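Enquirer: I'd like to ask you about the structure that follows.
What follows is calculated from the coordinates using simple rules that are stated; it is not laboratory data. Predicted model, so just to flag it, every value in this text is computed and none were measured. No Cβ is skipped: glycine too gets one built from the backbone with ideal geometry, and neighbour counts run over all protein chains shown.
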Amino acid sequence: MIVVMKHGATEAMIQKMVERVESLGLKAHVIVGTERTVIAAVGDDRDQGKESLETCEEVEQVVPILAPYKIASRETKPEPSIVRVRDLAMGGGNIGIIAGPCSVESEEQILLSAQQVKAAGATALRGGAFKPRTSPYAFQGLKELGLQYLAAARDATGLAIVTEVMTPQHVEMVAKYADVLQIGARNMQNYHLLQAVGEIRKPVLLKRGPSATMEEFLLAAEYILDQGNQEVILCERGVRTFETHTRFTLPLASVPYLHERTHLPVIIDPSHGTGIASLVPSMSAAAVAAGADGLIIEVHPDPKKALSDGKQSLTPEAFAATMATCRRVADALGYVLS
Ligand code: PEP
Ligand code: MN
């Protein structure tokens, strides 16, 4: 249920209502909107207590939330959520660009990548220190040393750092260095990991599992939100189909579809979505045209020498050209690509 508070409801009134909701055995999530404050009362409610809540003077109305993903739903919060960290802003007409190599390979490589993507206009640096690789014999990442190199690249450039966390035991360590924690596609339904990142207070970039439905994707986001972390960014990175000409099949319709159902920012990963560098510029521009709140793009100083995902990584020059095109599309549509 959503408890919609009256205009001008005070802190004390909101707190009293939270206690009332909790006394019904439900969890209360306070969502402060631009228009008014609502309290999402979630749990196994079966509308119990709806009437008793409705009779409270400070309550405007109590409405059921029809979607199974209660906090993520637009029904709970009609206006878009904006995630901001350092110069990165995503949502509500702001487009954030996260760029960098698939993996952190050395201090020099990540620093050079940071300088190159920043020069082209990116607002955040990506780079995996813990890598989920299909083969156990492939490069697994530099682990904590990689996180330290990322932090050094942030100190040098000011870019926000986006990096993957693969296990609940590492959440605290990764959060010490990262500005945004990425949950990889393979871990979208690792519920303990989702709960662990729900407990921290840093934005989480949640990638769609390659065979997850939209409902499963939104319910995965709900696991994070339900722990109290309201800063979740959804990332469409392509799904597995019968098709083999691209690494995955990238459904850009996910952007407007998700925007209809959730207030969370939605971004596109055209690198994993196609697996082919030459396709990335067009899909980036198309994603911006589709209303994406951001892009996460793999860029490597020398893609041929990359330790992972070189085939889908842009050169710094190709990335700069892609940024320029995306900026023109964003300008034409009235979005802010910062
Ligand atoms: C990555 O971002 O490098 C990555 C492994 O992505 P995904 O989880 O989408 O495969
Ligand atoms: Mn990659």
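Enquirer: By how many nm would the segment from residue 143 to residue 36 grow when fully extended, if each residue of separation counts as 0.36 nm and the alpha-carbon distance is taken off?
Expert: Length gained between residue 143 and residue 36: 34.2 nm.
Enquirer: Where in region 192-238 are there GluC sites (Glu not before Pro) that are in a DSSP coil and have at most 16 other Cβ atoms within 10 angstrom of their Cβ? Walk me through the intermediate numbers first.
Expert: On the way: sites: 199, 215, 216, 222, 231, 236; in loops: 199, 231.
Those that pass, being in a loop and sparsely packed, are 199.
Enquirer: Per-residue HN-Hα couplings for region 62-76, Karplus 6.51 cos²θ - 1.76 cosθ + 1.60 at θ = phi - 60°, whole Hz, x for Gly and Pro?
Expert: For region 62-76, the Karplus-derived couplings read 10, 10, x, 9, 7, 5, x, 8, 6, 7, 6, 5, 5, 4, 6 Hz, x marking Gly and Pro.
Enquirer: Longest exposed-loop-site-free stretch of the chain, with chymotrypsin sites (Phe, Trp or Tyr not before Pro), DSSP loop and at most 10 other Cβ within 10 Å? Let's see the in-between values first.
Expert: Details: sites that count: 137, 242.
The reported range is 1-136.
Enquirer: At most 10 other C-beta atoms within 10 Å and a DSSP loop state: those are the exposed trypsin sites (Lys or Arg not before Pro) I care about. Give me the longest piece of the chain that has none. If you can, show how the numbers build up before the last one.
Expert: Working: sites that count: 46, 201.
Longest gap between qualifying sites, sites excluded: 47-200.
Enquirer: Relative contact order for the chain: what percent, with Cα pairs under 8 Å and sequence separation of 6 or more? Could you put the intermediate results ahead of the total?
Expert: Working: 757 pairs, mean separation 55.7, N = 338.
Reported relative contact order: 16 percent.
Enquirer: Roughly speaking, what is the stretch gain from residue 107 to residue 304, that is 0.36 nm per residue apart minus the C-alpha to C-alpha distance, in nm to one decimal?
Expert: Values: separation 197, 0.36 × 197 = 70.92 nm, distance 1.84 nm.
So the extension gain works out to 69.1 nm.
Enquirer: Work out how much length residue 57 to residue 10 would gain on full extension: take 0.36 nm times their residue separation and subtract the Cα-Cα distance, in nm to one decimal.
Expert: Numbers: separation 47, 0.36 × 47 = 16.92 nm, distance 1.24 nm.
Contour length minus Cα-Cα distance gives 15.7 nm.
Enquirer: Give the cross-link partners of residue 143 among the aspartates and glutamates, using a straight C-alpha distance below 14 Å as the criterion and excluding same-chain residues fewer than 8 apart.
Expert: 105, 107, 164, 172
Enquirer: Given the -39500 (n - 2.57) contribution per DSSP H run of 4+ residues, what per-residue ellipticity at 222 nm results for the chain, rounded to the nearest 500 deg cm²/dmol?
Expert: On the way: 11 runs with 114 residues, N = 338.
Theoretical 222 nm ellipticity from helices: -10000 deg cm²/dmol.
Enquirer: Which links in 27/77; 176/305; 207/305; 118/311; 6/50; 16/50 stretch past 20 Å when you go from one Cα to the other? Write out the running numbers ahead of the final one.
Expert: Numbers: 27/77 17 Å; 176/305 30 Å; 207/305 26 Å; 118/311 22 Å; 6/50 16 Å; 16/50 16 Å.
Those over the limit are 176/305; 207/305; 118/311.
Enquirer: Right, something else. FRET efficiency for residue 249 and residue 24, Cβ-Cβ distance as r, R0 = 41 Å, nearest 0.05?
Expert: On the way: r = 44 Å, r/R0 = 1.08.
According to the calculation, E is roughly 0.40.
Enquirer: Placing +1 at every Lys and Arg Cβ and -1 at every Asp and Glu Cβ, with all other atoms neutral, what dipole size does the chain have around its Cα centre, in debye to the nearest 20? Mind dumping the intermediate values first?
Expert: Values: 33 positive and 39 negative charges, 190 e Å.
The dipole magnitude comes to about 920 debye.
Enquirer: Then there's this: Antiparallel DSSP bridges in the chain: what percent, to the nearest 5? Mind showing how you got there, number by number?
Expert: Details: 19 of 48 bridges.
Just about 40 percent of them are antiparallel.
Enquirer: For the charge dipole of the chain, defined by +1 on Lys and Arg C-beta atoms and -1 on Asp and Glu C-beta atoms about the Cα centroid, which residue among 230, 248, 192 has the Cα displaced farthest towards the positive pole?
Expert: Result: 248.
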